[in-house]
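Okay, so here's the structure we're looking at.
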Amino acid sequence: MEVLAALIAAPVLVLTYRRFPLTPLAYRLILAQALILMIGGHWTYAEVPAGDWVRDAFGLARNPYDRLGHLAQGFVPAIVAREILLRRTPLRPGGWLSALVFCVVMAVSAIWELFEWVAALIGGSSADDFLGTQGDVWDTQWDMAMAAVGAIVSLLLLTRLHDRQLSRSL
């Protein structure tokens, strides 16, 4: 279940490549997020070795790999949503676009958290590996906060590069 988003996105991207090609930045970010998902799916998020190393090196109480995944869940969709909104709506770069992109990212994050909740209801204790909560009662709030931070950082760091790539492709 951890790699479901990547498994859905791959054929969608292949099928829409000719009709609606994305910028190289968007494709690279999607690939990076897919890799994060696949690594988390391979080991389960709570047991990714690199996360264990970070936990031990910084004296953390839990493996932070899940947090990285949720940061990416904000960072990557921010650029994808921005691109779709710029190319398919009358919106132009600026404050309203950034606000709407942030809202889209937060909606995606909330839907993902609801999906995790349903998985927990259906799977019971066997869903723990998928959820990666590691006993943290605030995991859902942390996940959404990380997505929010990812979206903001993405918009701050990548907007100019994304605008340049969009101007070349249009």
* Taking the simple approach of a point 7 Å from Cα along Cα-to-Cβ for both Tyr17 and Ala107, what is their distance in nm? -> 2.9 nm
* To do: Identify which of Pro77, Pro90, Pro49 has the largest mean-square fluctuation in a Gaussian network model of the chain, with springs joining Cα atoms closer than 10 Å.
  => Pro90
* If you place +1 on the Cβ of every Lys and Arg and -1 on the Cβ of every Asp and Glu, how big does the dipole about the Cα centre of the stretch 3-91 come out, in debye to the nearest 20? -> 540 debye
* Leu31 to Trp53: FRET efficiency via 1/(1 + (r/R0)^6), r the Cβ-Cβ distance, R0 22 Å, to the nearest 0.05? -> 0.40
* To do: Return one number: the angle in degrees, 0 to 90 and rounded to the nearest 10, between the long axis of the Cα atoms of helix 24-43 and the longest principal axis of the Cα atoms of the chain.
  => 10 degrees
* Given (1) 0.96; (2) 0.99; (3) 0.93, the label whose value is Rg/Rh (Cα atoms, Kirkwood Rh) derived from this model -> (2)
* To do: Note the full-extension length gain between Trp96 and Trp117 as 0.36 nm times their separation in residues minus their Cα-Cα distance, in nm to one decimal.
  => 4.4 nm
* Okay, helix-only estimate at 222 nm for the chain: each DSSP H run of n ≥ 4 adds -39500 (n - 2.57), divide by all residues, round to 500 deg cm²/dmol; what do you get? -> -26500 deg cm²/dmol
* Counting Lys and Arg as +1 and Asp and Glu as -1, each charge on the Cβ, what is the dipole of the stretch 4-169 about the Cα centre in debye, to the nearest 20? -> 1280 debye
* Structure fact -> Given Cβ charges of +1 for Lys and Arg and -1 for Asp and Glu, the option among Leu15, Ile39, Pro77 whose Cα lies farthest towards the positive end of the dipole of the stretch 4-169 is Leu15
* Step through the residues of the stretch 97-106 one at a time and calculate ³J(HN,Hα) from phi using the Karplus curve (6.51 cos²θ - 1.76 cosθ + 1.60, θ = phi - 60°), rounding each to whole Hz and writing x for Gly and Pro. => 4, 4, 5, 5, 4, 4, 5, 4, 4, 5
* Asked: So what's the angle, to the nearest 10 degrees on a 0 to 90 scale, between helix 4-16 and the longest Cα principal axis of the chain?
  -> 20 degrees
* To do: For Trp142 and Arg168, compute 0.36 nm times the residue count separating them, minus their Cα-Cα distance, and round to one decimal in nm.
  => 5.6 nm
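None of the figures in this text is laboratory data; all of them are computed from the coordinates on show. Being a predicted model, the structure only gives us computed values, none of them experimental. A quick note on method: Cβ atoms are made from the backbone with ideal geometry, for glycine too, and the neighbour counts reach across all protein chains shown.
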